[in-house]
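The values are calculated or read from the model by the stated rules, or taken from the named source; none is laboratory data. Remember, predicted model here, so these are calculated numbers, not experimental data. Note that we place each Cβ from the backbone using ideal geometry, even for glycine, and neighbour counts take in every protein chain shown.
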Amino acid sequence: MGLFPGLPDADRAPVIDTVAVELFGVPSLLAGQRRVAVVGATLQELSVSLAAVCPALLGKVIDPDTGWLLGGYTFVLDERFTTDRRAPIAPTSAVLLVSTVAGG
Amino acid sequence: MYGTHGRLLRVDLTTGTSGSEPIPEIVFERLLGGIGLASYLLLRCCPAGVEPLSPENPLVFATSPFVGTGITTASKLAVAAKSPQTGVIGDSLSSSYLAIALKRTGFDALVVTGRAPEPTLLVVDDDRVTFRPAGRLMGLDPAATAEAVRGDMGAGFRVAAIGVAGENGVRYAAISNDGRLAGRTGAGAVMGSKNLKAIAVRGSRGAPVADPKGLATAARGLAERSLGAGTAKYREVGTAANLAFFDRMGVLPTRNFQAGSFSGAEAISGETLLLDHHTDKHGCAACTVGCEHRYRTRDGGPATEARLEYETLFALGSLCGIADPNVVLRAAARCDALGIDAITTGATIAWAMECAERGVELGVPTADLPRFGDGASLLATIEAIGTRSGLGDLLAEGSRRASAIVGQGSESWAMHVKGLELPGYDPRKLQTLALGLAVGTRGACHNRSSAYEVDFSDRLDRRSEATARASAAATAEDQAAVLDSLTLCKFLRHALVDLHGESAALHTLVTGRPTSADDLRRAGERISNLKKLFNIRQGWTRAEDTLPPRVLTENDGTPTHLSRPWLDEMVDAYYGVRGWDEDGTIPAAHLERIGLADLVAEIQPVGTQRSTAPVAV
């Protein structure tokens, strides 16, 4: 049993590279840093990896059961807002984790 | 209708008279309340072509059926007048206990016209209206004014007041109540032009709701949900959280929109402010969200504490090249104390900073010019604006008028739409918002067009066609109109699964009138059209639905660049989605279709007659 029992096997693809995920707002404050280096080939994997590196995100930003983002948060992958778990990550990808509540 | 009193209080400051007039139930049915009601009363009471700072320009305060019901965030006061800043509709909304107090007087709205012969305090105590000399209040900031009035009259009174800027006719002066501002479009200048320093209100009669038990249960549920993930950003960091993210996305207006990112962003980010400057947080009147974060200076200078929202932070920070949070806090505190809109203040000063950078003559010694990144000059210029002294007298006109006076090409870097300065979103990368800002009835406003939500999502991409963006912009505008009229805080929108459906259910419980989600959608469309009607009546033309030259390229339209042809194409599409003519006017048949024609039938078109018609019975 892995750290996230609810995670589908299909999402447990091999990791490929280190990616710096940039955190904004609540995720940044919880993690205590703006930038976290994690590994993953998809956004789902990045999310799982992020939770392992920053356990403070669990329960507040990342669902402890699925390893995926809780409602209210989204990734921005190369300037595109997405919650597609299977979105592939390239070594050069820019990945941001932000609140879905954009703006004022 | 439950939740309303069905009448307004009309006050004429010139004659010192007042009277009650009925508000037909159909007005609430079709336009809900709040901004919808205020816009309607403004359209009815404001003559075409009126000079905004003349006695004839009505100053309207309106509540809604939700005010005072215990629905979280709903205690909001709508303020409307013809804007002295833009010449089109000026509508503002602020949360305060004054909204509850006004509703408890037994009136749903207050319409003030005329000009008092001397500085005046208007007192509304239930249905008793008195006028008191306010000479001793002149020169006081809004908070001190409210304290003095309540000290004299009792803590049961709630107070709206202007600061020195309103007294001096600064065109973007605000009306302050409970520390919150009806900030944009210059309602404070209208109030000042009427010699009205403050309004004190006390009431003792609520408006019964249709289903008190059902409403209490629903309101409790909404209050619980207001504390969920959908509002976490606001509760835990506040809107200041936007700044670092916007900087990273390249949409943080910097140095008068000369750039979209700022080297000092981290220093003034919401996260840094929270860690290094935060004191506490508060909620508005009857609000469970509690988004209002307060901060304190930490530099050893004069201690200052202020509330900071993202818009204040960007306007007095990155837009002016200021990376010192202590300066931004002092500037924000002074804007509040003087009673001026921080966005326009920062944007107009940023315009002057660029003038100084380019060597444009502004009629004052070089040493008196504000400079990008120079905190001392920013603070000095804010003071000058509030008192209309030196360069401040020019800048008190706002960037559109100031640039027209100065000329020398400076109009091209005056960053406004219809005279209202752009909020803290660079439209070059946010194209749905760009359209929303261009067509906005009160000018460039993110609160009346939350179209940025579409840009900050995966719903559209940069190549999306004009009609898709037009539809999204119109929908966002109508949704904002519904929230502003109900009156619910926009921060609740993420706590609601079905915004229109759940709001309609609340509306039914309050008013007793069965209301559907589609009823609210239609009301939103109606209110957006109503505001446009006001502008048309005041002489609006299509040429005003555009953006500053700086953010537009002149090349052929392409959905990946914000070019002038592309913006024009989006505006065309927006008019089409709205059912308007190509020149942006509203066909009579459309007014009929959306249920506005009978409400506005007897209001005269532009320039044909000065309307003095009372509100219809």
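What to note about this one:
- Screening B:ASP91 against (1) acidic (Asp, Glu); (2) assigned to a strand (DSSP E or B); (3) surrounded by fewer than 24 Cβ atoms within 10 Å (Cβ to Cβ) leaves a single unmet condition, (3).
- Checking each residue in the range B:359-370 for being under 18 Å from B:GLY321 (Cα atoms) and touching a residue at least 40 places away in the same chain (Cβ under 8 Å) picks out only B:PRO370.
- Criterion: closer than 21 Å to B:PRO58 by Cα, without any contact (Cβ under 8 Å) to a residue 40 or more places away in the chain and small (Gly, Ala, Ser) - qualifying residue of B:GLY192, B:GLY166, B:GLY188, B:GLY151: B:GLY192
- Leading residue by the ranking (farthest from B:LEU562 (Cα to Cα)) among those in the range B:451-460 that are more than 7 Å from every other protein chain (Cβ to nearest Cβ) and assigned to a loop (DSSP other than H, G, I, E, B): B:ARG459
- Looking at the range B:1-87, the strands (runs of 3 or more DSSP E) lying wholly inside it that each contain 2 or more residues that are closer than 25 Å to B:LEU215 by Cβ, in contact (Cβ under 8 Å) with a residue 24 or more places away in the chain and in contact with a helix residue (DSSP H, G or I) (Cβ under 7 Å, 6 or more places away or on another chain) sit at B:59-62, B:76-82.
- Number of residues in the range B:436-476 that are modelled with pLDDT of 95 or more and under 20 Å from B:ARG400 (Cα atoms) equals 9.
- Filter result for B:THR432 (polar (S, T, N, Q) and either away from chain A (no Cβ under 14 Å) or touching a Phe, Trp or Tyr at 6+ places or on another chain (Cβ under 6 Å) (or both)): no
- Residue match in the range B:396-410 (condition: at pLDDT 95 or above, touching a helix residue (DSSP H, G or I) at 6+ places or on another chain (Cβ under 6 Å), among the acidic types (Asp, Glu) and not assigned by TED's automatic domain parsing to the domain that holds B:THR553): no
- Some residue of the range B:125-135 being closer than 29 Å to B:LEU488 by Cα, buried (at least 24 other Cβ atoms within 10 Å of the Cβ) and modelled with pLDDT of 95 or more: no
- Scanning the range A:78-96 for residues being more than 10 Å from chain B (Cβ to nearest Cβ) and either crowded, with 19+ Cβ neighbours inside 10 Å or not aliphatic (A, V, I, L, M) (or both) gives a total of 9.
- Among the numbered conditions (1) touching a residue at least 40 places away in the same chain (Cβ under 8 Å); (2) part of a helix (DSSP H, G or I); (3) surrounded by 23 or more Cβ atoms within 10 Å (Cβ to Cβ), the only one that B:ILE322 does not meet is (2).
- Subset of the range B:67-88 (residues that are β-branched (Val, Ile, Thr) and under 22 Å from B:ILE199 (Cα atoms)): B:VAL67, B:VAL79
- Qualifying residue in the range B:223-238 (condition: over 30 Å from B:ALA504 (Cα atoms), in contact (Cβ under 8 Å) with a residue 60 or more places away in the chain, touching a strand residue (DSSP E or B) at 6+ places or on another chain (Cβ under 7 Å) and buried (at least 21 other Cβ atoms within 10 Å of the Cβ)): no
- Any hit, the range B:331-346, residues being of a type in the set (Ser, Thr, Tyr) and farther than 21 Å from B:GLY250 by Cβ: yes
- Residue ID - nearest to the other protein chains (Cβ to nearest Cβ), chosen from residues in the range A:20-39 that are touching a residue at least 24 places away in the same chain (Cβ under 8 Å) and surrounded by fewer than 24 Cβ atoms within 10 Å (Cβ to Cβ): A:GLU22
- Matching residues, the range B:405-428, being away from chain A (no Cβ under 14 Å) and among the charged types (D, E, K, R): B:GLU411, B:LYS418, B:GLU421
Yes or no, residue by residue, for (1) buried (at least 20 other Cβ atoms within 10 Å of the Cβ); (2) in a helix (DSSP H, G or I); (3) more than 13 Å from chain A (Cβ to nearest Cβ); (4) touching a helix residue (DSSP H, G or I) at 6+ places or on another chain (Cβ under 7 Å):
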site	(1), (2), (3), (4)
B:PHE257	yes, no, yes, yes
B:PHE262	yes, no, yes, yes
B:LEU273	yes, yes, no, yes
B:VAL289	yes, no, no, yes
B:ARG294	no, no, yes, no
B:ARG298	no, no, yes, yes
B:GLU311	yes, yes, no, yes
B:PHE314	yes, yes, no, yes
